[in-house]
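**Q** Structure in structure tokens, see below.
The values are calculated or read from the model by the stated rules, or taken from the named source; none is laboratory data. These numbers were taken from a predicted model, which means no experiment stands behind them. Every residue, glycine among them, receives a Cβ derived from its backbone with ideal geometry; neighbour counts consider all protein chains shown. These area figures cover heavy atoms from the full protein model, side chains too; ligands, DNA and RNA do not enter into them. Shrake-Rupley method; radii C 1.70, N 1.55, O 1.52, S 1.80 Å.
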Amino acid sequence: MSDAEDELLLREAEKIAVAVGRMFPGLCEVVLHDLRDPAQAIRAIENNLSGRSVGEAATELGLARIQDPGYPGVIQNYPNRFPDGRPAKSTSIGIKNSAGTYVAALCLNLDVSLFAGVSKSLANLIRTDDQAQPFAETLRARSVEELRTVAEEFAAARAQTPRGLDSAAKRDLVRSLKAQGFLQVKHSVQALAEILGVSRATVYNYLR
């Protein structure tokens, strides 16, 4: 296989390395390795976060690809670490020529330490207290139709219709509906009186 093809692949990969690195300044280091010369493998490094230089040797992963053409073409999102100890998330993409030989590797190293503070702040922001609430709250407006549905379900659980409930059960239902916020709906008392077959005054009496 010609050196011309390999060189073309490396030139095209270098354009990708530069473009991706410049898209994420200060966040993601992009390194292009020329695997034809492992002792001087680094051909391009954009957005340098690791302190390496062009002409430095290949990493262990690069050497593994050189030794084994069957090595996975993409190693995605594996944990890594920069020389100064900062945690990183890395992805390595092997590039083969038409003969099936690895000639290059494009590696992305994301500095995840920058997100640690943000992650903690977000966790604090969305955290809720673990105290048990005395009631279940929803953040949507109640409606008369929902009130009717709840009343019918309450009665059905007692093998009755809402109108067929005895006074004690009707009182329990009315108080339960008030606790759930249904009686704040406009015209809810009148609607409930009709559902239960009682007067508005009776509904108010149940609430005392």
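**Q** Let's test the formula: R0 of 35 Å, r as the Cβ-Cβ distance of Arg86 and Glu12. What FRET efficiency results, to the nearest 0.05?
**A** Between Arg86 and Glu12 the formula returns 0.70.
**Q** Mind checking which lysines have their C-alpha under 19 Å from Lys170, skipping anything on the same chain fewer than 8 residues away?
**A** Within the straight-line cut-off, Lys170 pairs with Lys178.
**Q** Separate question: What are the semi-axes of the equivalent ellipsoid for the chain, taken as the square roots of 5 times the Cα gyration tensor eigenvalues, largest first, in whole Å?
**A** Rounded to whole Å, the semi-axes are 73, 19, 14.
**Q** Can you sort Arg208, Arg11 by solvent-accessible area, 1.4 Å probe, largest first?
**A** Arg208, Arg11
**Q** If r is the Cβ-Cβ distance from Arg127 to Lys186 and R0 is 35 Å, what FRET efficiency results, to the nearest 0.05?
**A** That gives a FRET efficiency of 0.45.
**Q** Still on this structure: With +1 on each Lys and Arg Cβ and -1 on each Asp and Glu Cβ, how big is the dipole of the chain about its Cα centre, in debye rounded to the nearest 20?
**A** Roughly 1700 debye, rounded to the nearest 20.
**Q** Next question, about the same structure. Where nothing but the Cβ of Lys and Arg (+1) and of Asp and Glu (-1) is charged, how large is the charge dipole of the stretch 156-208 around its Cα centre, in debye to the nearest 20?
**A** 120 debye
**Q** Now for a separate question. To the nearest 0.05, what FRET efficiency results for Ala201 and Thr149 with a Förster distance of 30 Å applied to their C-beta separation?
**A** 0.75
**Q** Something else: Starting with the highest mean, order 92-103, 32-43 by the number of other Cβ atoms within 10 Å, averaged over the residues of each peptide.
**A** Answer by packing, highest mean first, reads 32-43, 92-103.
**Q** Averaged per residue, what accessible surface does the stretch 17-171 expose to a 1.4 Å probe, in Å²?
**A** With all protein chains present, the stretch 17-171 gives 61 Å² per residue.
**Q** Measure off, as a whole percent, the carbon and sulfur share of the 1.4 Å-probe accessible area of the chain, all protein chains present.
**A** Reported share for carbon and sulfur atoms: 54 percent.
**Q** Can I ask one more? Only four residue types carry charge here, +1 at the Cβ of Lys and Arg and -1 at the Cβ of Asp and Glu. Report the dipole size of the stretch 1-115 about the Cα centre in Debye, rounded to the nearest 20.
**A** 360 debye
**Q** Along the stretch 97-105, what does the Karplus equation 6.51 cos²θ - 1.76 cosθ + 1.60 (θ = phi - 60°) give for ³J(HN,Hα), rounded to whole Hz, x for Gly and Pro?
**A** 8, 5, 8, x, 9, 5, 10, 7, 9
**Q** Extension gain Asn48-Phe24, at 0.36 nm per residue separation less the Cα-Cα distance, in nm?
**A** 7.5 nm
**Q** Toward the positive end of the charge dipole of the chain, about the Cα centre and with charges on Cβ (Lys, Arg +1; Asp, Glu -1), which of Tyr71, Val118, Ser98 goes farthest?
**A** Projecting each Cα onto the dipole axis, the largest value belongs to Val118.
**Q** Helix 167-179 sits at what angle to the longest principal axis of the chain, using alpha carbons and giving 0 to 90 degrees rounded to 10?
**A** 40 degrees
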